1. Which one of these does Ala39 not meet: (1) farther than 23 Å from Gln130 by Cα; (2) part of a helix (DSSP H, G or I); (3) without any contact (Cβ under 8 Å) to a residue 60 or more places away in the chain?
2. Kindly indicate the residue of the stretch 27-60 that is among the β-branched types (Val, Ile, Thr) and surrounded by fewer than 16 Cβ atoms within 10 Å (Cβ to Cβ) and also farthest from the chain's Cα centre (by Cα) among those meeting that condition.
3. Based on this model, can you work out whether Lys148 counts as at pLDDT 95 or above, surrounded by fewer than 12 Cβ atoms within 10 Å (Cβ to Cβ) and more than 16 Å from the chain's Cα centre (by Cα)?
4. Tell me the residue from Asp97, Asp93, Asp120 that is open to solvent by 20 Å² or more (accessible area, probe 1.4 Å), within 14 Å of the chain's Cα centre (by Cα), farther than 25 Å from Glu9 by Cβ and of a type outside the set (A, V, I, L, M, F, W, C), please.
5. Among the residues of the stretch 27-36, count how many are free of Cβ contacts under 8 Å to residues at least 24 places away in the same chain and in a helix (DSSP H, G or I).
6. From the list Arg128, Arg109, Arg79, pick out the single residue that is assigned to a helix (DSSP H, G or I), farther than 23 Å from His15 by Cβ and either open to solvent by 70 Å² or more (accessible area, probe 1.4 Å) or touching a residue at least 40 places away in the same chain (Cβ under 8 Å) (or both).
7. Going residue by residue through the stretch 17-26, is there one that turns out to be under 28 Å from Lys142 (Cα atoms), in a helix (DSSP H, G or I), at pLDDT 95 or above and open to solvent by less than 70 Å² (accessible area, probe 1.4 Å)?
8. Looking at Thr118, Thr105 in this structure, which one is polar (S, T, N, Q), touching an Asp or Glu at 6+ places or on another chain (Cβ under 9 Å) and under 20 Å from Leu27 (Cα atoms)?
Amino acid sequence: VEHMITFSELHEQNHQITELSNVFAYLIRDRSMCDTQIACDLFFRYSQKVKDHIELVDRQLCGKLISLPDQGVNNTADRFMSDSQEIKKIFADYLKDWCSTKHKTLRIRDHAAFVKDTEDMFKLVLDRIQRETEHLYPLIRKMEEADKQAA
């Protein structure tokens, strides 16, 4: 039986993702840092956390919302799930461009382009986290409250 995630766990995941992206973005401004094992480890830790988080939100939160008989709620869940697909696609392209996933290393030919792509991707993920916090979590709280009152 899958443990239902709590809001404090979601916020903790979001905090870790934000922190990792901030540290990595700071590190990679220095070209020589990009080739360090630690930078690579940080990046792959970040990408795993983002992947796990998005899958969890889709499966547990959006999955729950889609099953509700409210069209507005369904639409919100749908939007988040298609947003997840978009993020996964951009992530996959980024990994293809800048990483050897087999060797868990970064392959940087053009440092400026790498930094820009990384910052763009991080911004995309951070925007997503902000939308979850502002729109998705409150919606779920509201649904849970309505459930409690109906019971």
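The values are calculated or read from the model by the stated rules, or taken from the named source; none is laboratory data. The structure presented is a predicted model; accordingly, all values stated were derived computationally and were not measured. Every residue, glycine as well, gets a Cβ built from its backbone with ideal geometry; the counts of neighbours run over all protein chains shown. For the accessible areas, the whole protein counts, side chains as well, though only heavy atoms, and no ligand, DNA or RNA atoms are used. Shrake-Rupley method; radii C 1.70, N 1.55, O 1.52, S 1.80 Å.
1. Only one criterion in (1) farther than 23 Å from Gln130 by Cα; (2) part of a helix (DSSP H, G or I); (3) without any contact (Cβ under 8 Å) to a residue 60 or more places away in the chain is unmet by Ala39, namely (3).
2. Looking only at the stretch 27-60, we keep the residues that are among the β-branched types (Val, Ile, Thr), and these are 28, 36, 38, 50, 54, 57.
Those still in the list that are surrounded by fewer than 16 Cβ atoms within 10 Å (Cβ to Cβ) too: 36, 38.
Details: Thr36: 24, Ile38: 21 Å.
Applying the filter and picking the extreme gives Thr36.
3. Values: at pLDDT 95 or above: no; surrounded by fewer than 12 Cβ atoms within 10 Å (Cβ to Cβ): yes; more than 16 Å from the chain's Cα centre (by Cα): yes.
No, not satisfied.
4. Working: Asp97 fails: within 14 Å of the chain's Cα centre (by Cα); Asp93 fails: within 14 Å of the chain's Cα centre (by Cα).
Testing whether each residue is open to solvent by 20 Å² or more (accessible area, probe 1.4 Å), within 14 Å of the chain's Cα centre (by Cα), farther than 25 Å from Glu9 by Cβ and of a type outside the set (A, V, I, L, M, F, W, C) leaves just Asp120.
5. First, pick out the residues of the stretch 27-36 that are free of Cβ contacts under 8 Å to residues at least 24 places away in the same chain: 27, 30, 32-33, 36.
Now restrict to residues that are in a helix (DSSP H, G or I): 27, 32-33.
So the answer is 3.
6. Working: Arg128 fails: farther than 23 Å from His15 by Cβ; Arg109 fails: assigned to a helix (DSSP H, G or I).
Within the list Arg128, Arg109, Arg79, the selection yields Arg79.
7. Of the stretch 17-26, the ones under 28 Å from Lys142 (Cα atoms) are 17-18.
From what is left, the residues that are in a helix (DSSP H, G or I) are 17-18.
Then drop every residue that is not at pLDDT 95 or above, which leaves 17-18.
Narrowing further to those that are open to solvent by less than 70 Å² (accessible area, probe 1.4 Å): 17-18.
Yes: the stretch 17-26 contains one or more residues that are under 28 Å from Lys142 (Cα atoms), in a helix (DSSP H, G or I), at pLDDT 95 or above and open to solvent by less than 70 Å² (accessible area, probe 1.4 Å).
8. Working: Thr118 fails: touching an Asp or Glu at 6+ places or on another chain (Cβ under 9 Å).
Selected residue: Thr105, the only one of Thr118, Thr105 that is polar (S, T, N, Q), touching an Asp or Glu at 6+ places or on another chain (Cβ under 9 Å) and under 20 Å from Leu27 (Cα atoms).
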